Each structure stands twice: as structure tokens, then as C-alpha cells.
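The next block holds one structure in the form of C-alpha cells; read it before the comments.
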Amino acid sequence: MTAVNDDSFTNWKNREEIAESMIPIIGKLHREQDVTVLLHSRSLVNKSVVSILKTHRFARQIAGAELSVTETMPFLQALTTLDLGPSQIDLGMLAATYKKDDRGLSVEEFTAEAVAGATGDNKIERREPRDVVLYGFGRIGRLVARLLIEKAGGLRLRAIVVRGGGDQDIVKRASLLRRDSIHGQFQGTITVDEANSKIIANGNEIKVIYSNDPTSVDYTTHGINNAILIDNTGTWRDREGLSKHLRPGIDKVVLTAPGKGDVPNVVHGVNHDMIKPDEQILSCASCTTNAIVPPLKAMADEYGVLRGHVETIHSFTNDQNLLDNYHSSDRRGRSAPLNMVITETGAASAVAKALPDLEATITGSSIRVPVPDVSIAILSLQLGRETTRAEVLDYLRDVSLTSPLKRQIDFTTAPDAVSSDFIGSRHASIVDAGPTKVDGDNAILYLWYDNEFGYSCQVIRVVQHVSGVEYPTYPAPAV
């Protein structure tokens, strides 16, 4: 029998107690001051004791040393002494930068200086939540709904527009929001008001509007004004089609699929700051575009990229058939859970829209495989200069921790990582250090991505940005 290490057990109980005491502080900051507390870009809001401890331990993978709650708790306590405005504050970054600071400042002095933009005359005032409408309630629609309900402080989900589905339609849709075979149970409570056609989720009243035609809906009759409509159907992808949504009560339309023609394709973290204030119609591109563009930009900025090819090994989607049947696209008619299916991807061509200054030619292809979620993009690049594997990995690790792309790019060194490990990831892509290959000026990156949830998080970031409720992060990431 293996002896129990009393010191390790005592240390664990001590950290458990500290993590438990962090929860009400984090909750109060979020509820009363609209401050989201992060740890290396991962939100600690509404997390359990074990989740907080696991998030701290994760730092070992990307930063090389495990963070302890004993290190981050003093910074959290220091935040409670400040008059903070709406913001995101990263305890991991605070702890890491404090270790490197040699000025002899106290934790309180350093924290006040690092988050100065969130205090005093410069702080952002809390704003009224922006109304949001979901048009379509499929895989992406329901995950976006979960995120909107979670972020009710800045965005307010007011309505869902769907086609009528017969008896107990609203009950069935609420049940699909409540339970998900991949992403698990909804974190909260959901009730249904059939008489008034409403779903109530964590106290948020969400009107369910039945319509087959976007031009038939007047949203102002439901008390909805100046709203952002998120089209999750992909039925319309050009400006003319998406303009059908610009009805009374709707100010902007965001498409969760690649836009066509002159519709801007936006990848948050890369080109979201190029959106014109008066732009009413935009696209969040595809999940694969969001996965490859941030690391491609990072590599181009540091090494230059002359040409590249992306091969995506993509989980199957509802667009495919469960069993062999007719399909308008080649091969997609064959059974999705029984076959690997070669198909096309528009992600490579979409790179040019998100990175117009990148002169390199990027080609792409895709294989659908029998897993229900999480995909991997294999990005093969010819770089502008020679480098080494160690240099590339050190660079990408630093990008994931301290750069403006840290919410888009994650990094893992786990030796036995597989696709299911990344279900629920909020990053656009995760660099897998293990299989990364570099030979002179050639580099091959393996990029995992939750093509459902990670993409939905990118959609929410774009919506927050165009809504004016995307609050700054402190300490500010390195440019």
C-alpha cells in the first residue's frame, strides 16, 4: 500500500480553502462592477473550487510552472480595494508580470498600476445591455445562446426566431438548450412559459418568435430595439439576402458562416478592429478560418510566410447524412459516422479577406471524420526565413500567454492529447507542441479547435465588439 503524503494532502486542503474563498470575491466583482476575473485568458466567473484549482494547474502546460491560488489570491484581494469599471482582469498575467518587476512595489501598488485604465477618470462606465436576437437555433445557435445568457451583463438575449415545429415545439427547443450530448448540461435553470411563447433561462426571458420569412417580423412589437441579429442558418450569405433581417428593431446583422461578395469576413483578434462603425452586415467567417488565421498571422508577423497549405480533419456536421442518401454535394451523401469523407473547405480562400496584407498563396482541403466535435487543422508553411522547432514553440507559447491573440491561440504540451480533450475550449485554436515540425524554412503546425464552442466564443467576441461592450483586458497584452 502506498503511504499518504500528509504534507501534500494538507497543502491541497489549504489551496481548496483559498479557492473557496475566491468564489464570492470573483462573483461580487462580476455582479457589482462588471469585472470578469481571468487566469491566462480563462474566466473564473461561476467556477467551482475544483475548476479554479484545475485552471491554476493548467499554467504548468503553457507557462512551464504551476500557478498556485496562494500566489493569485493577494492580487484578487487587491482588486477589491479599487474602484473598478467594466473590464477583464487576468490574475495569471498580474502574477507573472509581478515576478519580473524589480521595483520593490507591494502587491497592492503593483495591481493598482497594472489596472489603472480600469480605475479613476479613465474607467468605462457600465452600459445598458445590448439586445440580441438569434435567427435559427441549431448547433451554433444554442451554444451562442448559452454564452449570451452567461454574459447577460453586456449582452441580453431577447428573442429566438425559428420555423414552427408542431406540438410542444418550444418545450423541445428548451430541452435541447438544457441538455447537449457533447457539451453537457446547461449551467443554470430553464423553464418554459408556453402561453407567452417564452423560454426563461437563469432569469432571462427569451421570446420565441415563429416565422418562415425574416421580412415578416417587426421586433419592436416585442420591445426589442437597436438589436444585433445573429443569423445561424446560413440561408443567406450575401448582402442582399442578409439585408432582409434589417427590420424594425434590428440595427446590425452578424452571420455565423462565411460571407459572400462584399460582406466583411471578420476573425476576432485579427481584423475585428477594421469593422466600420456604420457597417450593418458582417460575417464571422467559418470555424476553420477562425482556427487557422490567428496562428497564420502570428507566424507571418514573426517569420514571414511565402506559401502554405491547410488540411483540416473535421468532425462531421448536420450537413451530412447519418446513412447513405442523396446529397447535393459530392461524397457528403455517404454515411458520416461510418466514413472518412473528402470534401472541400473555403477556409483557405477566406484567409485573403481576413489577412489582405498576406501575399502568400494558401491552399486547402478537408476530410470529414466520424467524431461529433473538435477538429484539427494541419498548417504547412514555407517561411520567409529559417528557424528551429524550439524557437517556433517558444514564440507560439509566448503568443498564447501575452500577445493580443491570447484569447484566440491556446497552447498545449500534453503528450497524450486527443480531440475530446478540447471539447469546450474557448480559444479559436490550440497549438499542439508535440507533433510540431520545423525544418529550416518549413514549418508544420497542428491546430486543434472546437469547431462548435470555440467558434461560438469568437462569434460572441465580435458581437461584443460591435455592441460596444467588449471591455479592455488588464494587464494589457504585449503588442
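The values are calculated or read from the model by the stated rules, or taken from the named source; none is laboratory data. None of these values were measured; they are calculated from a predicted model. Cβ atoms come from the backbone with ideal geometry, glycine included; neighbour counts cover every protein chain shown.
Scanning the stretch 252-280 for residues that are touching an Asp or Glu at 6+ places or on another chain (Cβ under 9 Å), in a loop (DSSP other than H, G, I, E, B) and farther than 24 Å from LEU405 by Cα yields LYS260, GLY261, ASP262, GLN280. The single condition among (1) assigned to a helix (DSSP H, G or I); (2) in contact with an Asp or Glu (Cβ under 8 Å, 6 or more places away or on another chain); (3) not assigned by TED's automatic domain parsing to the domain that holds LEU246 that ALA112 does not satisfy is (2). Residues that are assigned by TED's automatic domain parsing to the domain that holds ASP394 and aliphatic (A, V, I, L, M) number at least 3 in the following strands (runs of 3 or more DSSP E) confined to the stretch 281-367: 305-315.
Within the stretch 190-227, the set of residues being surrounded by 19 or more Cβ atoms within 10 Å (Cβ to Cβ), farther than 15 Å from PHE137 by Cα and not aliphatic (A, V, I, L, M) comprises TYR219 only. Kindly evaluate SER456 against the criterion of being closer than 30 Å to ARG156 by Cβ and not assigned by TED's automatic domain parsing to the domain that holds LEU38. Criteria met by SER456.
The condition of being of a type in the set (Lys, Arg) and part of a helix (DSSP H, G or I) holds for only one of ARG173, ARG156, that being ARG173. Selection within the stretch 368-395: residues that are in a strand (DSSP E or B) and touching an Asp or Glu at 6+ places or on another chain (Cβ under 7 Å). The member of this set that is surrounded by the fewest Cβ atoms within 10 Å (Cβ to Cβ) is ARG385.
Highlighted here are the strands (runs of 3 or more DSSP E) found entirely within the stretch 179-251 that include at least 2 residues which are assigned by TED's automatic domain parsing to the domain that holds VAL162, touching a residue at least 40 places away in the same chain (Cβ under 8 Å) and within 26 Å of the chain's Cα centre (by Cα): 204-210, 227-231.
The set of residues from the stretch 101-146 being in contact with a helix residue (DSSP H, G or I) (Cβ under 8 Å, 6 or more places away or on another chain) and under 30 Å from GLY164 (Cβ atoms) comprises ARG130, VAL132, VAL133, LEU134, TYR135, PHE137, ILE140, ARG142, LEU143, VAL144, ALA145, ARG146. Check the stretch 84-98 and report whether any residue there is over 28 Å from ILE409 (Cβ atoms) and at pLDDT below 95. No: the stretch 84-98 contains no residue that is over 28 Å from ILE409 (Cβ atoms) and at pLDDT below 95.
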